[in-house]
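Asker: Below is the structure I would like to discuss, written out as structure tokens.
The values are calculated or read from the model by the stated rules, or taken from the named source; none is laboratory data. Nothing here was measured: the structure is a model prediction, and the numbers come from that model. These area figures cover heavy atoms from the full protein model, side chains too; ligands, DNA and RNA do not enter into them. Shrake-Rupley method; radii C 1.70, N 1.55, O 1.52, S 1.80 Å.
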Amino acid sequence: DVLALAALTHDDNPLHVDEAAAKEGPFGQRVAHGDLILSLAGGLAGKIEDFVKAKPMKREIVKWQFRKPVFFGEVIYVDVTVKELKAMRDGIGKATFQLKVCKRPDVVVSVGSVVAFVPTQPLAKAQ
């Protein structure tokens, strides 16, 4: 995944793609791109029941922090918490979620807030 992302985005920083150079770097080994972790977090969050039930029509990343590196082969998981639900207008609501990405329960690698705009009532069916 890391090497494919590096090729796709042209982010070939040695910390991601060069094992020998990464050994001399600050982490002592290659690390996953932050963008990869953020993308995986969004994909994993999209499988969580409360998030799926919300049927988001649009999502926005409000704030995101990368706290720790993720090394090749490490497994991550995402914890999603609903922080706020707010009715707006025209049957649209705003749901604010906090996402916490961990590689073990006690190791948080990144955190952020995502706003999703969701229907507050069932959408009208096409006739």
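Asker: Under 10 Å, Cα contacts only: if you run a Gaussian network model on the chain, which one of VAL101, VAL78, VAL17 comes out with the highest mean-square fluctuation?
Answerer: Its mean-square fluctuation being the largest, the pick is VAL17.
Asker: Can you list residues from other chains, or at least 5 along the same chain, whose modelled amide H is less than 5 Å from the amide H of VAL109?
Answerer: Here the answer is VAL101, CYS102, LYS103, since their amide H atoms fall under 5 Å of that of VAL109.
Asker: Are any of the pairs LYS23/LYS83; LYS63/LYS86; LYS47/LYS86; LYS58/LYS83 more than 29 Å apart by Cα-Cα distance, and if so, which?
Answerer: Numbers: LYS23/LYS83 40 Å; LYS63/LYS86 19 Å; LYS47/LYS86 22 Å; LYS58/LYS83 17 Å.
As for pairs spanning more than 29 Å Cα to Cα, those are LYS23/LYS83.
Asker: Using the heavy atoms of the protein chains and a 1.4 angstrom probe, tell me the accessible area per residue for the chain in square angstrom. Display every interim value, and only then the final one.
Answerer: Numbers: 8430 Å² over 127 residues.
That works out to 66 Å² for each residue.
Asker: Would you please give the residues with an amide H less than 5 Å from that of GLY25, counting only those at least 5 places away or on a separate chain, with H modeled from the backbone geometry?
Answerer: none
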